[in-house]
1. Collect the residues in the range 377-419 that are charged (D, E, K, R) and closer than 26 Å to Gly237 by Cα, keeping them in residue-number order.
2. Given the condition under 19 Å from Leu389 (Cα atoms) and exposed (fewer than 15 other Cβ atoms within 10 Å of the Cβ), answer yes or no: does some residue in the range 307-328 qualify?
3. Inspect the range 347-369 for any residue being part of a strand (DSSP E or B), in contact (Cβ under 8 Å) with a residue 40 or more places away in the chain, under 27 Å from Arg250 (Cα atoms) and open to solvent by less than 10 Å² (accessible area, probe 1.4 Å) and give the result as yes or no.
4. Return yes or no: is Ala197 open to solvent by less than 10 Å² (accessible area, probe 1.4 Å), part of a helix (DSSP H, G or I) and in contact (Cβ under 8 Å) with a residue 40 or more places away in the chain?
5. Out of all the residues in the range 247-278, which are out of contact with any Cys (no Cβ under 8 Å at 6 or more places or on another chain), more than 16 Å from Leu370 (Cβ to Cβ) and open to solvent by less than 10 Å² (accessible area, probe 1.4 Å)?
6. Counting only residues that are touching a residue at least 40 places away in the same chain (Cβ under 8 Å), part of a strand (DSSP E or B) and more than 12 Å from Ala64 (Cβ to Cβ), how many does the range 21-41 have?
7. I'm trying to understand the selection: among the residues of the range 131-187, which are basic (Lys, Arg) and part of a helix (DSSP H, G or I)?
8. Just give me the residues in the range 159-189 being farther than 25 Å from Val374 by Cα and open to solvent by 70 Å² or more (accessible area, probe 1.4 Å), in sequence order.
Amino acid sequence: MKTAPTIPASEFAERRQRLLTALGENAIAIIQSSSVVIRNRDADFPFRQDSDFLYLTGFNEPNAVAVFIPGRAEGEYVLFCQAKDPAMERWTGKRAGVEGVVKDYGADQAFKIEELDQQIIKLLAGRSEVHYRIGFETEFDLQVLSWLNVLRRQARNGVAAPHTFKLLDTLVHEMRLFKSPAEIAMMRYAAQTAARAHTKAMQTCRSGLFEFEVQAEIEREFRKDGMEPSYTSIVGGGENACILHYVENRSELKSGDLLLIDAGSEHQGYASDITRSFPVSGRFTKEQAQLYQVVLDAQKAAIAVVKPGNNWDAPHQAAVRSLTAGLVNLGLLQGEVDELIKDPPKPADGTAPQEAPYRQFYMHKTGHWLGLDVHDVGDYKVNGEWRTLEPGMVLTVEPGLYVSPADNVDPKWWNIGIRIEDDVLVTAEGCEVLTAGVVKEIADIEALMVQ
C-alpha cells in the first residue's frame with residue numbers, strides 16, 4: 001500500500017510561530033473549530049474541520065478553541081478542547097483530551113472547553129488587540145462581546161480590556177495562499193487520485209447509465225485512496241451540462257449527448273478540482289468537437305500565461321479572447337473580437353447595464369485559488385490591482401461554453417455544455433499542471449473510451 005503524504009507537526013508549529021510574530025506584542029488571536037452539524041433528526045453530517053483552524057492546529061475534533069498570545073510566559077498557544085470521556089467515546093470516537101493536545105498537537109497549555117469563559121478572561125486581560133474572525137459566526141461574536149463586557153466591569157480593579165478588534169482572516173489567509181512543499185505534495189496526491197477517477201469515469205460511461213452511477217465510480221476511486229469528495233460532484237449529461245452548479249445527478253445518459261463532470265477529491269483537507277467534458281457514446285459529433293476545441297484552445301492559452309509576474313486576471317483575459325475568437329469563427333458571434341469582449345457603457349438612465357456579448361455563452365471567471373478550501377482563501381486584488389502571481393500559489397484554470405435553447409443560435413448547437421478545468425501550481429519557472437494525469441485532447445478521449 002502506498003504511503004500518503006501528510007503535514008508534519010513541525011510545519012504546524014512553524015505556522016503558529018509565523019502567526020505569533022505577525023500579531024506582535026499586546027495582541028491575542030482566537031479561533032474556533034467547526035461544530036458537528038445535524039443532518040436529520042439524530043444523524044449528523046460527516047464532520048469537516050474548519051480550514052483556518054486545521055491550518056494552524058492540525059487538530060481534527062469539534063468543539064475546540066485555539067488562542068494565541070505572543071510573549072505569554074505560561075505558553076503562547078492555548079487550546080480548549082473536549083475532555084476525555086470513555087462513555088461518550090464509545091459512541092462518537094476517541095478524543096485527544098487535555099493531555100493529548102499538549103502531547104500530540106503541540107499546545108503549550110490546554111483546558112477543557114467548558115472552562116473557556118473562565119480562562120479566556122485571564123488571557124484577554126491586558127491585551128490591547130483582539131484578532132478573530134469578526135462576523136464569521138454570530139454566536140461567537142456575541143461570546144467575544146460578553147468577555148469584553150466582563151473585563152470592562154473590572155476596570156476599577158486596574159484590569160485593562162482590549163480596545164482594538166481586527167480580522168484574523170487578514171493574517172491567516174495570506175499565509176494560506178502560499179503553499180509549502182508539504183502542502184504541494186498533499187495537493188499533487190489529491191490531484192493524482194482525482195485524475196484517475198475521471199479516467200475511470202470515461203472508461204465506464206455509456207448510454208443507458210444514470211448520472212449517479214458514473215458519480216459512484218468516480219467517488220469509489222476517491223474512497224479507495226482514503227479520500228472524500230472536496231465538494232458535491234457535478235455529473236451532468238446533455239442539457240444538464242449547461243447548468244453550472246448542477247448536482248441532482250439523476251438523469252439517464254443518452255447517446256449523442258456530452259457528459260460534463262466536475263469532481264475533486266480531498267486529502268486530509270487539501271482539495272483537487274477537475275472538470276472534463278466528453279461524449280457519452282465515446283465519439284464527439286462535429287459540433288461538439290468544434291466547440292470542445294474552442295474551449296480547449298482557450299484553456300491552453302490561459303495556462304500559458306500562468307507564470308510569476310503576470311497578474312491573476314491574465315489567464316481569464318487570455319481565455320476570454322480565445323473563446324470569443326473561436327465563437328466568431330464558428331458563427332455563434334458576429335463582430336470584432338475586441339468589441340465583443342467589452343462591456344457596453346452603463347446606461348445614463350440608470351437601467352441595468354448590459355454585458356459583453358461573449359457572456360451569453362461564458363458567464364463565469366476562469367479560475368479560483370485552490371487549497372484547504374476548494375474555493376480557497378486569498379485576496380484576488382491588492383490595493384485595487386489584480387494580484388501578481390507568485391511561486392507557491394495554486395489556482396484552477398477552467399474556461400467553458402454553454403449553449404442552451406434560450407440562445408438565439410442554430411439549434412445544432414443547443415444543449416452543448418463544455419468546461420475543462422485543471423489545477424495549476426505557479427512555479428519559479430512558470431507553472432505545473434497538477435491534474436495532467438487525465439486526458440483532454442479529443443483524440444485521446446475517444447481512444448480511451450473505445451478501449
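The values are calculated or read from the model by the stated rules, or taken from the named source; none is laboratory data. Treat the numbers as computed from the prediction; the structure is a model and nothing was measured. Cβ: placed from backbone, ideal geometry, glycine included. Neighbour counts: every protein chain shown. Only protein heavy atoms, including side chains, enter the accessible area calculation; ligands, DNA and RNA are left aside. Shrake-Rupley method; radii C 1.70, N 1.55, O 1.52, S 1.80 Å.
1. Correct list: Glu398, Asp407, Asp410, Lys412, Arg419.
2. Within the range 307-328 (the criterion being under 19 Å from Leu389 (Cα atoms) and exposed (fewer than 15 other Cβ atoms within 10 Å of the Cβ)), the answer is yes, since at least one residue qualifies.
3. At the first step, the residues of the range 347-369 found to be part of a strand (DSSP E or B) are 369.
If we keep only those that are in contact (Cβ under 8 Å) with a residue 40 or more places away in the chain too, we end up with 369.
Now drop any that are not under 27 Å from Arg250 (Cα atoms), which leaves none.
There is no residue in the range 347-369 that is part of a strand (DSSP E or B), in contact (Cβ under 8 Å) with a residue 40 or more places away in the chain, under 27 Å from Arg250 (Cα atoms) and open to solvent by less than 10 Å² (accessible area, probe 1.4 Å).
4. Working: open to solvent by less than 10 Å² (accessible area, probe 1.4 Å): yes; part of a helix (DSSP H, G or I): yes; in contact (Cβ under 8 Å) with a residue 40 or more places away in the chain: yes.
So Ala197 passes the test.
5. Step one: of the range 247-278, the residues out of contact with any Cys (no Cβ under 8 Å at 6 or more places or on another chain) are 247-252, 254-258, 260-277.
Cutting the leftovers down to more than 16 Å from Leu370 (Cβ to Cβ) gives us 247-252, 254-258, 260-261, 276-277.
Matches in the range 247-278: Asn249, Leu258, Leu260, Ile261, Arg276, Ser277.
6. To start, the set of residues in the range 21-41 that are touching a residue at least 40 places away in the same chain (Cβ under 8 Å) comprises 21-32.
From what's left, part of a strand (DSSP E or B): 27-32.
Next, only the ones that are more than 12 Å from Ala64 (Cβ to Cβ) stay: 27-29.
Selection size over the range 21-41: 3.
7. Pass one, the range 131-187, residues basic (Lys, Arg): 133, 152-153, 156, 166, 176, 179.
Arg152, Arg156, Arg176, listed by residue number.
8. Looking only at the range 159-189, we keep the residues that are farther than 25 Å from Val374 by Cα, and these are 159-166.
Hits for the range 159-189 are His163, Phe165, Lys166.
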